[in-house]
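Student: Questions regarding the structure given below will be posed in turn.
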Amino acid sequence: APRARVAGAPSPATETALRRLVSRWCDASVRKNAADVAALVSADAVFDAGAGTQVSGRAEVQKAFEKIFAALSWVVQLAPNAVFEVDETEGTGTGRVTIQETNQPKRGEQVSLFAVYHDRYRRVDGQWLFAERTREIIHRS
């Protein structure tokens, strides 16, 4: 009989790797480095910022973030809470990551938001990557 897929709490090593992935995303955002953001997603990744902004593929993710970052003087993104479930054997997982972000558009007022990223992860050649990130904005001011 085929083995039933089991998703649960990640191993300590996987938990650390996923938290590092999330931290690297925030760091790349603070540095406004679209290439570094794109390096964290799988080749066929889907990124959905909400409000009809969805792109597919690493190159398109990079282009989207080049456009986003070009419009900002600065951005700070923090991810204080993250919950992961993984299937270690399959190398897949899901997560919910709460973010707090403040940014200064080059034109207009400073923006603060609270959001949750609903993530899917995939392990590729031993490295965990984002396969999908969907942002759900909780509050924006």
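The values are calculated or read from the model by the stated rules, or taken from the named source; none is laboratory data. None of these values were measured; they are calculated from a predicted model. Just the protein is used for accessible areas: all its heavy atoms, side chains included, with ligands, DNA and RNA removed. Shrake-Rupley method; radii C 1.70, N 1.55, O 1.52, S 1.80 Å.
Student: With every protein chain present, what accessible area does THR16 have (1.4 Å probe, heavy atoms only), rounded to the nearest 10 Å²?
Tutor: Around 90 Å² of this residue is reachable by solvent.
Student: Please list 3J(HN,Hα) in residue order for the stretch 85-97, calculated via the Karplus relation 6.51 cos²θ - 1.76 cosθ + 1.60 where θ = phi - 60°; whole Hz, with x for glycine and proline.
Tutor: Ordered by residue, 3J(HN,Hα) equals 10, 9, 10, 4, 5, 7, x, 10, x, 10, x, 10, 10 Hz.
Student: Something else now. Can you run phi through the Karplus equation (6.51, -1.76, 1.60; θ = phi - 60°) for the stretch 113-124 and list ³J(HN,Hα) in whole Hz, with x for Gly and Pro?
Tutor: Once rounded to whole Hz, the list reads 8, 10, 8, 10, 8, 9, 10, 10, 10, 9, 8, 10.
Student: If you compute Rg/Rh (Cα atoms, Kirkwood Rh) for the structure shown, which of (i) 1.12; (ii) 1.08; (iii) 0.99 do you land on?
Tutor: Answer label, from the structure shown: (iii).
Student: Next question. Each residue of the stretch 98-110 in order: what ³J(HN,Hα) in whole Hz does its phi give by Karplus 6.51 cos²θ - 1.76 cosθ + 1.60, θ = phi - 60°, with x for Gly and Pro?
Tutor: Going residue by residue, I get 7, 10, 10, 9, 10, 9, 10, x, 5, 10, x, 7, 4 Hz, with x marking Gly and Pro.
Student: Here's a follow-up. Compute the angle between helix 12-30 and the longest alpha-carbon principal axis of the chain, please, reported from 0 to 90 degrees and rounded to the nearest 10.
Tutor: 20 degrees
Student: Additional query: Ignoring solvent entirely, what values of log10 I(q)/I(0) come out of the Debye formula for the stretch 89-141 at 0.31 Å⁻¹ when each Cα is a single scatterer?
Tutor: -1.10
Student: How large is the helix-only mean residue ellipticity at 222 nm for the chain, computed as the sum of -39500 (n - 2.57) over DSSP H runs with n ≥ 4, divided by its residue count, in deg cm²/dmol to the nearest 500?
Tutor: Theoretical 222 nm ellipticity from helices: -8000 deg cm²/dmol.
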